[in-house]
Every structure is written in C-alpha cells, then in structure tokens.
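The values are calculated or read from the model by the stated rules, or taken from the named source; none is laboratory data. All values derive from a computational prediction rather than experimental measurement. All Cβ positions, glycine included, derive from the backbone under ideal geometry; neighbour counts span all protein chains shown. Quick note on the areas: whole protein, heavy atoms, side chains included, nothing else; ligands and nucleic acids left out. Shrake-Rupley method; radii C 1.70, N 1.55, O 1.52, S 1.80 Å.
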Amino acid sequence: MEQMYVIDWPHLWRLNRQWRQWMEANSEFVTPDIIDTLRYCRIECNEAADAEIRVRLEKHPRNNGRENTVHEELADALMLALTALPDPDRWIRQLSDDDDVTMDAICDMANQAVVFFVADYGCWFLWTADTMVVISRYPGMNVEGELRKCWHRLAWKHASRAMSDYPEELKIWQ
C-alpha cells in the first residue's frame with residue numbers, strides 16, 4: 001500500500017512567518033498588506049500557468065523563454081498564500097481527492113481569494129487555503145522542498161549580505 005505524504009501546513013505557516021521576520025530584518029523585501037499579498041499570489045499562479053504553457057508549447061513563436069520552472073512559480077504562490085493567511089487553526093481543511101488539479105483551477109482559486117477579499121466576504125482565506133491544497137497536488141510538487149528553495153532564492157536575491165545569519169531551520173534540505 002502506497003504511503004501518502006501529509007503536509008504539515010501549520011508547521012510551514014510558522015516557518016514562513018520566521019522567514020518573513022528574517023526578511024523584514026535583513027532586506028527591503030517587506031511584507032505587503034493582505035490584499036496585495038493575495039494579488040501577488042494570483043500573479044505567481046498565472047506565471048506558473050505561463051511556465052506550463054512554455055513547456056508544453058516549446059516551439060511556439062510566442063514562447064520567449066523564462067528561467068523559473070512551474071514548481072518554482074507555484075512555490076512563490078504558496079509563500080504568498082502562507083504570508084496572507086491568519087493563524088492556521090482557522091483555515092486548515094481538506095479537499096476531496098477528486099477536486100480539480102489543473103493550472104486553470106489553481107489560477108481561478110487564487111483569483112477567487114482576491115475577489116472575495118475585495119468584496120469583504122469572510123471566506124477569502126478558505127479560497128487561499130484551497131489554492132494551496134490544489135497547488136500541493138500539482139504533479140511532481142514537493143511543497144516543503146520547493147518552499148525552502150523559494151525562501152532561499154529570495155533571501156539570497158534580496159539579503160545576500162546577511163546569509164551567514166540565515167536561520168538553520170529554513171535552509172534547503174540536503
């Protein structure tokens with residue numbers, strides 16, 4: 001019987017908070033307010049969709065190439081979703097196994113989080129959490145591994161002078 005990997009979302013939320021605090025102290029890469037964080041999350045989901053198209057339509061004339069992979073873009077979206085969300089005890093939930101795992105569904109869920117926040121509906125965080133769960137089910141997505149690479153990449157880009165103080169708990173697994 002195949003063993004299912006269970007994602008510890010509260011643990012990742014706490015690590016993301018630790019990373020955000022380190023970034024606030026060591027860089028100008030500051031945390032935007034919730035609505036802009038959700039908008040950035042939506043943008044990253046769309047960038048993942050762009051990367052997916054570029055892989056699928058490699059020889060298409062519109063394809064001018066990009067450096068980031070689909071998984072890297074999805075990790076950026078996860079980091080932003082974790083940043084936007086309040087205490088994880090409020091939003092942890094499970095989706096059924098038959099929920100859609102297409103890139104279009106991921107982008108739509110991220111967009112719905114923005115729409116519901118702007119409309120002042122209290123359930124925006126559920127759309128955000130569902131976006132994370134669906135991203136976690138994207139083929140080949142290693143949530144914690146990709147998040148650690150995301151945190152490190154952004155820390156190095158925006159705070160390279162302080163990397164000697166980068167928290168051990170956030171480092172990329174070897």
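Residues in the chain average 58 Å² of solvent-accessible surface per residue, probe 1.4 Å, ligands and nucleic acids excluded. Among Ile106, Ile53, Ile135, the largest mean-square fluctuation in a Gaussian network model of the chain, built with springs joining Cα atoms closer than 10 Å, belongs to Ile53. Rounded to the nearest 500, the 222 nm mean residue ellipticity of the chain from helices alone is -19500 deg cm²/dmol, with -39,500 (n - 2.57) taken per DSSP H run of at least 4 residues. Note on Arg17 and Phe29: their simple-model spin labels are 2.0 nm apart, each label 7 Å out from Cα toward Cβ. A Förster radius of 25 Å, combined with the Cβ-Cβ distance separating Ala162 from Asp36, puts the computed FRET efficiency at roughly 0.55.
The aspartates and glutamates within cross-link reach of Lys171, meaning a Cα-to-Cα straight distance under 14 Å and a gap of 8 or more places when in the same chain, are Glu144, Glu146.
Summary value for the chain: 27 percent relative contact order, contacts being C-alpha pairs under 8 angstrom separated by 6+ residues. Please list 3J(HN,Hα) in residue order for region 134-140, calculated via the Karplus relation 6.51 cos²θ - 1.76 cosθ + 1.60 where θ = phi - 60°; whole Hz, with x for glycine and proline. Once θ is set to phi - 60°, the couplings for region 134-140 become 5, 4, 5, 8, 4, x, x Hz.
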